[in-house]
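K.L.:
Take a look at the following structure, please.
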Amino acid sequence: MIEVLAKLGRGPVFLAGEVLECVITFTNPLSASSTSASSEMLAWASAQIHCQFHASENRVALPPSDGSKHDVQAENETVFVPNRGERGQCILSTPPKILFCDLRLDPGESKSYSYCETLPIDGPPSFRGQSVKYVYKLTIGCQRVNSPIKLLRVPFRVLVLHGLKDYQFPQDEAVAPSNPFLEEEEGLKKDSRLADLATELLMVATSRRSLHLYNISNTRGKVGTFCIFKTVYKIGEDVIGTFNFSEGDIPCLQFSVSLQTEESIQEEFQRRRGQPVSFSTHARHQEACLHTAQSSFSLPIPLSSTPGFTTNIVSLKWRLHFEFVTSGESAGTCLVRGSQSEAVTWTGVEQIEVDTFSWDLPIKVLPTNPILASYVSQFSSTNSITI
């Protein structure tokens with residue numbers, strides 16, 4: 001028996017273009033003092049990263065696959081196929097790397113191997129939607145002699161930040177900023193600079209503030225104004241906005257604000273022409289606001305959510321969805337006098353004519369630092385299997 005342990009040192013979330021590093025340890029757990037202790041042999045081990053795509057048959061019409069490219073060897077259990085048994089299509093994969101051949105482990109002995117691979121910068125982000133899914137995994141294949149291959153899959157999350165692909169790093173490392181007190185390998189140095197560049201680009205894009213004022217009106221008149229200071233955010237930030245109903249002609253009885261994503265299939269891949277867009281609500285604020293002059297809301301963007309993106313099949317956009325309930329009467333008729341005595345009691349009416357309307361405000365949501373997103377990731381940094 002051999003235990004295989006794979007550990008992602010920095011966490012299970014990465015930016016496209018970063019270097020994924022995984023330490024894979026092979027251990028013969030039997031101690032030398034055990035009566036049944038014996039050496040264990042592995043013929044080889046290999047590792048490969050792949051992205052699996054799965055689409056809902058009810059929503060997405062994919063072109064038929066080319067059956068002429070069927071690989072007969074893929075059905076052989078002694079051939080390393082990282083996505084064997086997985087649902088959907090493998091749309092992206094890195095070249096497989098051999099970790100070792102003919103490994104012999106004595107009782108209690110273990111050996112570790114480091115797997116490093118740059119994540120493709122032009123791939124889709126990790127996404128689990130109502131219509132499609134993009135799932136990234138590192139698959140480690142191991143085989144004993146004359147035995148089927150055993151697969152250890154390590155799922156991880158990929159965030160995509162547009163603009164990194166076009167950035168050219170300085171060729172002369174002497175003029176590039178570096179820390180003279182740290183010894184870094186070339187790949188790790190570039191990887192660190194890529195993460196720093198992404199953090200800087202995100203900070204610049206999301207720190208710009210300017211006042212955006214919107215008049216809230218229906219067919220009968222003005223209800224109030226809405227104020228927001230920016231429309232570009234990172235996942236993990238709060239969307240904050242304020243309302244001013246004091247200048248409105250129509251009394252607002254209640255409002256709600258929902259933070260939503262809009263998942264739409266590209267027209268050529270739609271199962272039915274004009275099929276509806278899928279919406280998901282991530283946060284919601286609702287408030288009764290009759291006779292309220294000003295109000296506000298704060299909606300957190302979950303770190304586990306997917307920033308906006310577009311592929312040839314699906315598009316994901318973010319928006320604020322507003323719903324307003326206004327009175328069909330003037331503000332003075334919303335209350336009735338409960339007593340004619342000197343001590344006047346005002347009570348609300350039992351029924352009132354109302355009007356409802358909605359409004360959508362598009363916003364842009366970008367990724368965040370992958371280390372920060374790792375804290376709330378559903379994936380584990382450590383995975384293991386026994387063969």
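The values are calculated or read from the model by the stated rules, or taken from the named source; none is laboratory data. Here the structure is a predicted model, which means the values were calculated and not measured. FYI the Cβ positions are ideal-geometry reconstructions off the backbone, even for glycines, and counts take in every protein chain you see. Protein only, heavy atoms only, side chains kept; ligands, DNA and RNA dropped before computing areas. Shrake-Rupley method; radii C 1.70, N 1.55, O 1.52, S 1.80 Å.
K.L.:
Over the alpha carbons of the stretch 279-324, what is the largest minus smallest coordinate on each principal axis, giving the biggest first in Å?
P.N.:
49, 21, 14
K.L.:
Among the listed pairs Lys97/Lys137; Lys137/Lys317; Lys97/Lys150; Lys7/Lys234; Lys7/Lys150, give every one whose C-alpha distance is greater than 19 Å.
P.N.:
On the way: Lys97/Lys137 15 Å; Lys137/Lys317 25 Å; Lys97/Lys150 16 Å; Lys7/Lys234 28 Å; Lys7/Lys150 17 Å.
Pairs exceeding the cut-off: Lys137/Lys317; Lys7/Lys234.
K.L.:
Sequence-distant or interchain residues sharing an amide H contact under 5 Å with Gly129, placed H: which?
P.N.:
Tyr134
K.L.:
In whole Hz, what ³J(HN,Hα) sequence does the stretch 275-283 give by Karplus (6.51, -1.76, 1.60; θ = phi - 60°), x for Gly and Pro?
P.N.:
Karplus-based 3J(HN,Hα) across the stretch 275-283 equals 5, x, 7, 8, 10, 10, 9, 9, 7 Hz.
K.L.:
Next question, about the same structure. When the solvent-accessible surface of protein heavy atoms is calculated with a 1.4 angstrom probe, in what order do Thr94, Thr231 fall, highest first? Walk me through the intermediate numbers first.
P.N.:
Values: Thr94 10, Thr231 40 Å².
Per-residue accessible area, sorted high to low, gives Thr231, Thr94.
K.L.:
Using just the alpha carbons, could you tell me how many Å³ per residue the convex hull of the stretch 209-271 encloses? Present the calculation step by step, with values, prior to reporting the outcome.
P.N.:
On the way: hull volume 10.7 nm³, N = 63.
Per residue, the Cα convex hull of the stretch 209-271 comes to 169 Å³.
K.L.:
Further question: Could you give the length gained by full extension between Ala288 and Thr118, i.e. 0.36 nm per residue of separation minus their alpha carbon distance, to one decimal place? Please list the in-between numbers first.
P.N.:
On the way: separation 170, 0.36 × 170 = 61.20 nm, distance 5.15 nm.
Extra length from Ala288 to Thr118 when fully extended: 56.0 nm.
K.L.:
A follow-up question, please. For Cys142, Cys101, give me the order by solvent-accessible area with a 1.4 Å probe, most accessible first, ignoring ligands, DNA and RNA. Before the final figure, lay out each step's value.
P.N.:
Values: Cys142 5, Cys101 85 Å².
Descending order: Cys101, Cys142.
K.L.:
OK, next. Evaluate 2.2 N^0.38 Å with N set to the residue count of the stretch 191-244, then give the Cα radius of gyration divided by it.
P.N.:
On the way: Rg = 16.6 Å, N = 54, 2.2 N^0.38 = 10.0 Å.
Relative to the 2.2 N^0.38 Å estimate, the stretch 191-244 comes out at 1.66.
K.L.:
Do any trypsin sites (Lys or Arg not before Pro) in the stretch 250-312 lie in a loop, going by DSSP, with at most 13 other beta-carbon atoms within 10 Å of their beta carbon, and if so which? Spell out each step's value before the answer.
P.N.:
On the way: sites: Arg271, Arg272, Arg273, Arg284; in loops: Arg271, Arg272, Arg273.
Those satisfying the criteria are Arg272, Arg273.
K.L.:
Using a Debye calculation, one point per C-alpha and no hydration shell, please list log10 I(q)/I(0) for the stretch 234-303 at q = 0.15, 0.19, 0.21 Å⁻¹ in order.
P.N.:
Log-scaled intensity ratios, in q order: -0.68, -0.83, -0.89.
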